[in-house]
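Engineer: This is the structure I have questions about; it appears just below.
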Amino acid sequence: MPFELPDNLHPNCGPVAWLLGTWRGNGHGDYPTIEKFHFGQELIFTHDGRPFFHYMSRAWIEDEDGEFVRDAAMETGFLRCPEPGKVELLLAHNIGFSEVWYGAAEGGKLEMHTAGVSFTETAKEVTGGSRMYGNVEGDLLYAYDMAAVGQDLQPHTWARLQRA
């Protein structure tokens with residue numbers, strides 16, 4: 001699907017402009033403390049001309065036939081672009097934790113690592129993460145590694161999404 005740069009795109013957002021819009025697709029998840037799972041997901045990146053994007057994500061668990069089983073993770077936040085190629089991400093999750101991320105974007109690739117994590121007393125303990133997003137053949141591919149509940153940083157979710 002073709003993508004056009006918005007007229008009011010802030011210049012600092014140029015390296016991540018390809019993310020703008022709605023993305024949908026499927027992914028997989030795994031972690032030592034849970035069973036492997038399949039999920040569907042929708043990501044939305046919007047902007048208003050200032051040097052940041054608003055980000056929203058919702059996911060749902062699917063069975064092996066791709067049928068909906070139950071709602072799953074939700075997160076929302078702001079992908080800030082203080083200068084071209086540098087990013088800051090502020091995220092809040094429905095399961096009770098929030099994160100600050102720092103990273104870099106270039107050539108259709110965005111890589112970030114956590115700088116801080118806070119969580120409520122009823123949330124699982126998440127201590128760090130790494131995210132990589134890439135524009136591959138026009139699709140959005142991503143991988144999320146997580147350190148949580150006493151486990152070292154390791155793969156948790158990965159997906160391939162198409163522009164909706």
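Engineer: Scan segment 78-100 for residues that are in contact with a Ser or Thr (Cβ under 8 Å, 6 or more places away or on another chain) and on the phi > 0 side of the Ramachandran plot and jot them down.
Structural biologist: Selection gives Gly96 alone.
Engineer: Is there a residue being under 18 Å from the mean Cα position of the chain (by Cα), more than 17 Å from Leu140 (Cα to Cα) and not in a strand (DSSP E or B) anywhere in segment 35-42?
Structural biologist: no
Engineer: Could you run through segment 64-85 and say how many residues are open to solvent by 80 Å² or more (accessible area, probe 1.4 Å) and within 15 Å of the chain's Cα centre (by Cα)?
Structural biologist: Adding up the residues that qualify gives 3.
Engineer: Sticking with this one: Would you mind stating whether Glu88 is closer than 22 Å to Gln41 by Cα, assigned to a strand (DSSP E or B), within 13 Å of the chain's Cα centre (by Cα) and without any contact (Cβ under 8 Å) to a residue 40 or more places away in the chain?
Structural biologist: Considered against the rule, which asks whether it is closer than 22 Å to Gln41 by Cα, assigned to a strand (DSSP E or B), within 13 Å of the chain's Cα centre (by Cα) and without any contact (Cβ under 8 Å) to a residue 40 or more places away in the chain, Glu88 comes out as no.
Engineer: Let me ask another. Condition first: among the acidic types (Asp, Glu), in a strand (DSSP E or B), open to solvent by 50 Å² or more (accessible area, probe 1.4 Å) and at pLDDT 95 or above. Can you find one or more residues in segment 111-122 that meet it?
Structural biologist: yes
Engineer: Next question, about the same structure. Scan segment 8-24 and tell me whether some residue there is at pLDDT 95 or above, outside any helix (DSSP H, G or I), under 26 Å from Thr120 (Cβ atoms) and open to solvent by 60 Å² or more (accessible area, probe 1.4 Å).
Structural biologist: no
The values are calculated or read from the model by the stated rules, or taken from the named source; none is laboratory data. A quick note: this is a predicted structure, and the numbers were derived from the prediction, not measured. Heads up, the Cβs are rebuilt from the backbone with ideal geometry, glycines too, and the neighbour counts pull from every protein chain shown. When the accessible area is computed, the model is the full protein with side chains, heavy atoms only, and any ligands, DNA or RNA have been set aside. Shrake-Rupley method; radii C 1.70, N 1.55, O 1.52, S 1.80 Å.
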